[in-house]
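Accompanying notes for the structure given below.
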Amino acid sequence: MPRPQLLVIVPGTWNAVAEGVTELKRYLADEYGGTVIIRTTAAPLSSPLILPTGVWAPGTWRLARRDMELVLLPQAFFSLDWMEVS
């Protein structure tokens, strides 16, 4: 049976924190038996976009998404765009 997967689309101007990415992958593997796929894009996104793929048990995506958006993604990716002066 296909496992839960998470596709993370990161804006090309954002940076990754290796420890945070490792923790995101560990969380998904330990809690849901899933994997993480990370891709970058040139599209103008204001933050990383997370998309569930694979097969998730009923109700688990909502819980996983909350943890990822509130804690794990901010620890894994950041942007310095706010420092740009116009």
The residue that is nearest to I37 (Cα to Cα), considering only those in region 10-24 that are open to solvent by 40 Å² or more (accessible area, probe 1.4 Å) and in contact with a strand residue (DSSP E or B) (Cβ under 8 Å, 6 or more places away or on another chain), is A16
Taking region 25-64 and the residues there that are small (G, A, S) and within 11 Å of the chain's Cα centre (by Cα), the one that is least open to solvent (accessible area, probe 1.4 Å) would be A64
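The values are calculated or read from the model by the stated rules, or taken from the named source; none is laboratory data. Here the structure is a predicted model, which means the values were calculated and not measured. Every residue, glycine as well, gets a Cβ built from its backbone with ideal geometry; the counts of neighbours run over all protein chains shown. When the accessible area is computed, the model is the full protein with side chains, heavy atoms only, and any ligands, DNA or RNA have been set aside. Shrake-Rupley method; radii C 1.70, N 1.55, O 1.52, S 1.80 Å.
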